[in-house]
1. Give the cysteines in the chain for which no other Cys Cβ lies under 4.7 Å away, or write none if there are none.
2. Ranked highest first by the average count of other Cβ atoms within 10 Å around their residues, in what order do 274-280, 230-236 fall?
3. Can you give the calculated 222 nm mean residue ellipticity of the chain, where each DSSP H run of n ≥ 4 adds -39,500 (n - 2.57) and the sum is split over every residue, rounded to the nearest 500 deg cm²/dmol?
4. Out of every Cα-Cα pair in the range 220-300, what percent are more than 15 Å apart?
5. Report the residue, chosen from Gly292, Gly113, Gly43, that carries the largest GNM mean-square fluctuation when the chain is represented by alpha-carbon nodes joined by springs under 10 Å.
6. Let's test the formula: R0 of 25 Å, r as the Cβ-Cβ distance of Glu204 and Ala350. What FRET efficiency results, to the nearest 0.05?
7. Once R0 is set to 56 Å, what does the formula 1/(1 + (r/R0)^6) return for the Cβ-Cβ distance between Glu223 and Arg16, expressed as a FRET efficiency to the nearest 0.05?
8. Output the peptides 324-332, 370-378 sorted from most to least packed, where packing is the average of other Cβ atoms within 10 Å over each peptide's residues.
Amino acid sequence: MSSELRSRVLDEFCRRFGGNPSFFARAPGRVNLIGDHTDYNDGFVLPMAIDREVCIAGRARDDRRVSVYSIDFDEDATFALDGGSPRQADGSWVEYLRGVAWALDDGGRPTSGWEGVVAGNVPVGAGLSSSAALELATARVFSAVNGVVWQPVSMARLAQRAENEWVGVNCGIMDQLISAAGTSGHALLIDCRTLETRAVAIPESVAVVVLDTGTRRGLVDSEYNERRAQCEEAAALFGVPALRDVDMLTFAERAGELDPVTRKRARHVVTENARTLEAASQLEERNLARVGALMDESHVSLRDDFEVSRPELDAMVAIAREHDGCLGARMTGAGFGGCAVALVAREQAAEFVVRVGDRYKGTVGLQPSIYVCSASAGASVEASGDC
Ligand code: GLA
C-alpha cells in the first residue's frame, strides 16, 4: 500500500471522524499488456495491476449508513444502505460506492454501515481503471466490515454489475478482475469466459512503462457500445455465442460473408485472442522480443481494424518504438485517448522515459506523463495505524 496515501487518509480520517479507523482497504488500477476489446467477446486478456491505487481508511458504524469523504474531490457524501434500484447514475465518485453497495445487496451479500476517507493516485480518465480501483476498494471495505472472506472473482463480478447497471457503463470484466485478483510481480492471463486466471511472471530484465498521451477519451461510451454491437453481430453471423468461438481458420474461410466493417472488427478480436495467448506463453518462456512484436501487431490491429486509436496514441507508440530499448508498444485499454504501454529493457528504462517524453512533447505539443510501473497485488485490507 502506498505509504503516502495511507498517511493522507489516516490524517483526514482522524480529523473528520475522531478516533482511529479500524482498517485500510486498497485496490489498484491496471495496465493491459495485450488483449483489448476481447473481454466482452468472452476472449483473453493479459493485464497487470499497477502500483497506483485507491485507498480507504474506514471503520464500521452501528447504523445502515455509509459516510465517506473524498480527499481528491474535496466532497463528502452519505447514503443509506436501503437497496434501491439501478438507475443511470450521474457518474460522480460516490455513485461507484453506491453501485457496489447495491450490487452486493442485490447479490444477497451482507452490507452494513461504515465511515471512511478515500483518496487515490490512479489518474482519472486516463484508461488505467481508476473506477474499477474505487469499486474494488469499496467492495474490500464491505468485506472487512462484514467479516466476509475476500472472494476476488465474485467481487469482480459484482463490481462489474455495479458499473454496468448502476453507473451505466457497459464494460467487460477485465478491469474489475485484475483489480480484485492481481498478483505482485505478475501479469494475469484471464479467460473472460470461465474467469480462470494464470499468473505470468514479468521478468526482472524488462520494465513495463505507461505512456499517458495527455489526451482524454471523448465519445468513448457510444463508440465502445457500437464496437460491442458489431462484435455481437459478427458472432451471430458465425452462429456462435461469442467471437471467442471463432478461430483464425474459420475466420479466413468465412470472412467473405461479412460486410467490410464487421469483418475488420471480427478480425481484430480473432487475431487479438491468438496474440494474447501466445504473448502469455512467450512471456513465460522469457521470449521478450516475440512478446514485443505481438504488442506491436496488437496496436496495428486496434488502429486499423478496430479503429479505436487516435493520432496522439499512434505518435506515442511510434516514438516509443524508435528507442533502442523498446521491445514493443501499443495503445492500452478502451482507446480514443489515454495511455499506451511499452515493454522496455530495464537498464534503458530511465533514459527511455526522458527521451520519449521529450520527443512526444516536441512533436505532438502535449505534456505526457510517462512512468515505469511495477506489478502489484489485487485489492487488500490491513489493520490501520493510530491517529
Ligand atoms: C475498458 C473496459 C474493459 C475492456 C477495455 C478494452 O477498459 O472497461 O472491460 O473492454 O476497455 O479492452
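Computed from the coordinates by the stated procedures, all read-outs in this text should not be read as laboratory data. Just so we're clear, the structure is a prediction, and the values are computed from it rather than from any experiment. Every residue, glycine among them, receives a Cβ derived from its backbone with ideal geometry; neighbour counts consider all protein chains shown.
1. Flagged as lacking a Cys partner: Cys55, Cys171, Cys192, Cys231, Cys326, Cys339, Cys373.
2. 274-280, 230-236
3. Computed ellipticity for the chain at 222 nm equals -13500 deg cm²/dmol.
4. 59
5. Gly113
6. Working from the Cβ atoms, E equals 0.95.
7. Here the calculated transfer efficiency is 0.90.
8. Ranking, from highest mean packing down: 324-332, 370-378.
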